[in-house]
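Presented below is the structure to which this report refers.
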Amino acid sequence: DTENYNNIRKSIFSIGNPALPLLETTLENSFDDTIQKRIQNIIQEIQFEDIYKKFKNWVDSPSHDLLDAFLLISKLQYPEIDDNLIRDQIAKIQKNIWLELNDEFTALKTIKIINHILFEAYKFHGNINKNLYQNFFINNILETKECSSISLCILYLILTKNLGVPVFGVNLPKQFILAYIEKPSENNISNDLKSDVIFYINPINKGV
């Protein structure tokens, strides 16, 4: 009965995440196509609402941690993703870059080291096929090393920020690239962007 189902769905939905384990258990033990489809829909609605609320909190937070946002995006497709495992993998890449860096290096030398680790050692590479949505999820990216142009820039930004390298995103009309900023102020960059940029970086082309 559709009316009864809608009333029950609203009640379960109001419970939120605590309802998920029971729903998943029921789903595993049900062999009725209608019941399975309805349970799956409720699970997806609850998970989406939870991610939506977390995204709102992320927008309102002062840190705007890009890895947090990356994980939330990935959980739209992979709700069971292991945050700690992803963070450990990012930290390992970061450490390998850090071991090669030196405070005496020029900006260009620093970026060349980062490019070498990312694109030569780890073999990350871009794929400009916009239909490959899997290339937007951090767990897939770390496994396959294949990225969309945007996700590759985000990964680059996460690593450079953690390493204290002043790299920032530049949103061009049809492309997202990066810029190495000289002596960034507390507000990151001045109103005159060009006066702060030493050079631009294109991760989709191996960081050229």
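Things to note:
- Of note, Phe48 satisfies the criterion of being modelled with pLDDT under 95, of a type in the set (Phe, Trp, Tyr) and either touching an Asp or Glu at 6+ places or on another chain (Cβ under 8 Å) or surrounded by fewer than 14 Cβ atoms within 10 Å (Cβ to Cβ) (or both).
- Annotation note: of Leu178, Leu152, Leu157, the sole residue that is outside any loop (DSSP other than H, G, I, E, B), over 19 Å from Ala107 (Cα atoms) and touching a strand residue (DSSP E or B) at 6+ places or on another chain (Cβ under 8 Å) is Leu152.
- Neighbours by Cβ (under 6 Å, 6+ apart or cross-chain): first from segment 97-109, in contact (Cβ under 8 Å) with a residue 40 or more places away in the chain and more than 19 Å from Phe124 (Cα to Cα); second among the aromatic types (Phe, Trp, Tyr) and open to solvent by less than 90 Å² (accessible area, probe 1.4 Å): Ala107/Tyr180
- Screening segment 1-57 for residues that are part of a loop (DSSP other than H, G, I, E, B) and not hydrophobic (A, V, I, L, M, F, W, C) and picking the one that is nearest to the chain's Cα centre (by Cα) gives Gly16.
- Of all residues in segment 103-140 being polar (S, T, N, Q) and part of a helix (DSSP H, G or I), the one that is farthest from the chain's Cα centre (by Cα): Thr110
- Scanning segment 74-97 for residues that are open to solvent by less than 70 Å² (accessible area, probe 1.4 Å), more than 18 Å from Lys145 (Cβ to Cβ), in a helix (DSSP H, G or I) and not charged (D, E, K, R) yields no hits at all.
- When restricted to residues that are out of contact with any Gly (no Cβ under 8 Å at 6 or more places or on another chain), open to solvent by less than 90 Å² (accessible area, probe 1.4 Å) and not charged (D, E, K, R), segment 98-144 contains 26.
- Count of residues meeting criterion [acidic (Asp, Glu) and crowded, with 17+ Cβ neighbours inside 10 Å] in segment 51-67: 0
- Test result for Ile177, of a type outside the set (S, T, N, Q), open to solvent by 60 Å² or more (accessible area, probe 1.4 Å), in contact (Cβ under 8 Å) with a residue 24 or more places away in the chain and out of contact with any Asp or Glu (no Cβ under 7 Å at 6 or more places or on another chain): no
- Residues (open to solvent by 20 Å² or more (accessible area, probe 1.4 Å) and among the small types (Gly, Ala, Ser)) located in segment 145-165: Ser149, Gly164
- Within segment 26-45, being surrounded by 11 or more Cβ atoms within 10 Å (Cβ to Cβ) and hydroxyl-bearing (Ser, Thr, Tyr) holds for Thr26, Ser30.
The values are calculated or read from the model by the stated rules, or taken from the named source; none is laboratory data. Predicted, not measured: the structure shown is a model, and the values here were computed from it. Every residue, glycine among them, receives a Cβ derived from its backbone with ideal geometry; neighbour counts consider all protein chains shown. Side chains are part of the model used for accessible areas, which takes the heavy atoms of the whole protein and leaves out ligands, DNA and RNA. Shrake-Rupley method; radii C 1.70, N 1.55, O 1.52, S 1.80 Å.
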